[in-house]
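Coordinate-derived values only; no laboratory data. As the structure is a prediction and not an experimental result, all values here were calculated from the model. No Cβ is skipped: glycine too gets one built from the backbone with ideal geometry, and neighbour counts run over all protein chains shown.
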């Protein structure tokens, strides 16, 4: 009787094994390191059903074998999901998936080389834009000039050009080490030119140097105010200030004094560009307003009178009978009304 009972128990255990449901186990989701290796699958990767089992891993990317129970994935470079398909002796098919999440430590970094205007700005933020310390530790060196040496993106304000090294760690993957250079830019060299003295009615060109953008003040009897070489014709002594900004956004200033000597000398522009742009569009004579009884006559190269005016007030725009005169040289005779004739030439440029 005892032998029969053992026989029955054995049959029951065999039946339980034969009719257990086939199960595939791809293993737990894993955290992998960039260019690292992990082993896939469970322990074991298949149970139940009727052995032997056939294994198929898809995709086969990074795997040393796609048909073994526990393959090794090497050289990982991005997140990936694997599907394990198990087929038993009775051709029963089951599947299971697992996910490998690549540790993002490899994406963090010190950022691109940068700089700021020392003494004019509060500093510059360094570190890659995606840096975050949710699961990672950040350490910068040297620490001088940093708002927080353990911040993913600190503000750097060194007094001299400094190379900062960032070390990112998480006790999971190898440390990620990178560097960034922060340049401490000095204010640009700016020179507004030599102080000068002119006669009342005279126009001169100021010569500014340094930087890449310019702005002159005050906006008084000045043209080309945003260039390095503006024209000025003050009638009283003026201090012109030149403000400039370089390609880094750093700024500086300098000034020049234009002293004006009172007088009534006439100054004749030698050329003008009558193109209606509001700049140098007329034949200009400095101090002409001091000679209200003047008379101006202008001739072409053939001696033909093309313009005449009494009490000329800097209004001739290079036209004759409403028509534009061509580029060329024209000749003037100005009677200043005080028994003096002034003769010369003026060029129209178009």
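Quick check on the stretch 224-325: take the gyration tensor over C-alpha atoms, sort the square-rooted eigenvalues as a ≥ b ≥ c, and tell me if it's rounded (a/c under 1.5), prolate or oblate. Before the final figure, lay out the partial values.
Working: a/c = 3.92, a/b = 1.77, b/c = 2.22.
Since a/c reaches 1.5 but b/c is at least a/b, the shape of the stretch 224-325 is classed as oblate.
How much mean residue ellipticity at 222 nm does the chain get from its helices, if each DSSP H run of length 4 or more adds -39500 (n - 2.57) and you divide by all residues, to the nearest 500 deg cm²/dmol? Please report the intermediate quantities before stating the final value.
Numbers: 1 runs with 17 residues, N = 350.
Value at 222 nm, helices only: -1500 deg cm²/dmol.
Before anything else, pin down the relative contact order of the chain: Cα pairs under 8 Å, at least 6 apart, normalised by residue count, whole percent.
On the way: 825 pairs, mean separation 33.1, N = 350.
Relative contact order of the chain: 9 percent.
Considering only 165, 203, 97, give the residue with the highest GNM mean-square fluctuation for the chain, with springs between Cα atoms whenever their separation is below 10 Å.
97
Please state the shape class of the stretch 232-286: rounded when a/c is under 1.5, otherwise prolate if a/b exceeds b/c and oblate if not, all from the C-alpha gyration tensor.
On the way: a/c = 4.42, a/b = 1.41, b/c = 3.12.
Because a/c hits 1.5 or more and a/b fails to exceed b/c, the stretch 232-286 counts as oblate.
Among 324, 30, 84, whose mean-square fluctuation peaks in a Gaussian network model of the chain (Cα, cutoff 10 Å)?
Evaluated over the chain, the most mobile residue of the options is 324.
What angle do you read, to the nearest 10 degrees and between 0 and 90, between the alpha-carbon axis of helix 2-18 and the longest principal axis of the chain?
20 degrees
Sorted by mean Cβ packing within 10 Å, highest first, what order do the peptides 104-112, 231-239, 302-310 take?
On the way: 104-112: 17.8, 231-239: 16.1, 302-310: 12.0.
Most protected by this proxy first, the peptides run 104-112, 231-239, 302-310.
For the stretch 196-261, calculate the relative contact order in percent as a whole number, restricting contacts to Cα pairs under 8 Å that are 6 or more residues apart. Show your work: numbers first, answer last.
Working: 142 pairs, mean separation 25.5, N = 66.
It comes to 39 percent, rounded to a whole number.
Only one of the values [x] 1.06; [y] 0.97; [z] 1.48 was calculated from this structure for Rg/Rh (Cα atoms, Kirkwood Rh); name its label.
[z]
May I ask you to sort 266, 22 by Cβ crowding, counting other Cβ atoms within 10 Å and putting the fewest first?
Working: 266 16, 22 19.
Result, fewest neighbours first: 266, 22.
For the chain, set up a GNM with springs between Cα atoms under 10 Å and report which of 181, 301, 153 has the largest fluctuation.
Of 181, 301, 153, the Gaussian network model singles out 301 as fluctuating most.
Shape of the stretch 128-271 from its Cα gyration tensor (a ≥ b ≥ c, root eigenvalues): rounded if a/c is under 1.5, otherwise prolate when a/b > b/c, or oblate? Please report the intermediate quantities before stating the final value.
Values: a/c = 5.42, a/b = 4.53, b/c = 1.20.
In terms of gyration-tensor shape, prolate.
Using only Cα atoms, what Kirkwood radius does the stretch 107-152 have, in angstroms?
Values: mean 1/r = 0.0853 Å⁻¹.
With all distinct Cα pairs of the stretch 107-152 included, I get 11.7 Å.
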